[in-house]
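Down below is the structure, laid out as structure tokens.
The values are calculated or read from the model by the stated rules, or taken from the named source; none is laboratory data. Model, not experiment: these values are computed from the prediction. We place every Cβ from the backbone using ideal geometry, glycine too, and count neighbours over all the protein chains shown.
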Amino acid sequence: MATPEQQFGFGTPATPEQIAGWDIAIKADGTGLPPGSGSVAQGEALFAKLGAKCHGAKGEGTTNAPALVGGRGSLDTDQPVKTVGSYWSYATTLYDYIHRAMPADNPQSLKPDEVYALCAYILYLNDIVPQDAVMDAKTLPQVVMPNHAGFTSPDPRPDVFDTPDPLLPAPTAPGG
Ligand code: HEM
């Protein structure tokens, strides 16, 4: 009888090194953040070199890339502007996103110190941290984003919340 590995007759098990290359998620609580640190000033210099050409000098956005600042107070209007500053719920997502995907023309090229510095600068541009802020694995998860309380939990949408979980017994009918 064929073992599960033999079933399809092709492919090889992923090596720990290969898995490590994909296993880069940073959790909301900061789990996974690496050692290192970066300041607003360092982030400003890096952003001018690596980010401004697409996001604008102060993160205001261009036709190439979205704004990283602004939009505060717009979410419950007819024209909500979703940015890191107005919408994102956790500062740690910034580390995950920048490390994973930015700069878009050379993703995953940044070292932890550089990613922390860029996080610090973008948070500073959004008036979320002061100009002398330094971000690291301890300080970044402590940053409270302006829209942190703007998400509803548990999700009340009927198609999400009321979907029966196939792993749980079906709910019993009222009175039944
Ligand atoms: C190191 C410098 C950079 C930083 C820190 C940075 C940061 C970010 C962040 C935080 C976002 C998410 C915005 C959001 O969804 O609200 C983003 C999105 C994006 N960035 Fe950058 N960025 C950098 C460089 C670049 C460059 C050089 C380009 C163009 C070549 C670029 C193009 C884009 C695009 C197109 C998106 C939208 C992607 C999507 O929604 O799928 N970025 N960037």
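Give the residues of segment 109-131 that are touching a Gly at 6+ places or on another chain (Cβ under 9 Å) and either among the small types (G, A, S) or without any contact (Cβ under 8 Å) to a residue 24 or more places away in the chain (or both), sorted by residue number.
A117, A120
Return yes when G38 is under 30 Å from A117 (Cβ atoms), modelled with pLDDT of 90 or more and outside any loop (DSSP other than H, G, I, E, B) and no when it is not.
Taking the combined requirement at face value, the residue satisfies it.
If you check L123 against the conditions, is it crowded, with 22+ Cβ neighbours inside 10 Å, of a type in the set (A, V, I, L, M) and either out of contact with any Pro (no Cβ under 7 Å at 6 or more places or on another chain) or assigned to a loop (DSSP other than H, G, I, E, B) (or both)?
Yes; evaluated as a whole, the condition is true for this residue.
Within segment 74-127, can you find the residues that are among the aromatic types (F, W, Y) and modelled with pLDDT under 95?
Y90
Given the criteria exposed (fewer than 15 other Cβ atoms within 10 Å of the Cβ), modelled with pLDDT of 95 or more, part of a loop (DSSP other than H, G, I, E, B) and more than 12 Å from the ligand (Cβ to nearest atom), does P130 qualify?
yes
Do the conditions hold for G71, that is, is it touching a helix residue (DSSP H, G or I) at 6+ places or on another chain (Cβ under 6 Å), assigned to a loop (DSSP other than H, G, I, E, B) and either away from the ligand (no atom under 11 Å from the Cβ) or at positive phi (or both)?
No, not satisfied.
Determine which single condition D29 fails, assuming it passes every other condition in (1) in contact (Cβ under 8 Å) with a residue 40 or more places away in the chain; (2) outside any loop (DSSP other than H, G, I, E, B); (3) acidic (D, E).
(2)
Please go through segment 82-120 and give me each residue that is near the ligand (Cβ under 10 Å from one of its atoms), surrounded by fewer than 18 Cβ atoms within 10 Å (Cβ to Cβ) and in a loop (DSSP other than H, G, I, E, B), ordered by number.
Selection gives K82, A104, D105, N106, P107, S109.
Might you check whether a residue that is within 16 Å of the ligand (Cβ to nearest atom) and closer than 20 Å to P141 by Cβ occurs anywhere in segment 41-51?
The answer is yes, given that some residue of segment 41-51 is within 16 Å of the ligand (Cβ to nearest atom) and closer than 20 Å to P141 by Cβ.
So E17 ticks every box in (1) away from the ligand (no atom under 16 Å from the Cβ); (2) touching a helix residue (DSSP H, G or I) at 6+ places or on another chain (Cβ under 8 Å) but one. Which box is left unticked?
(2)
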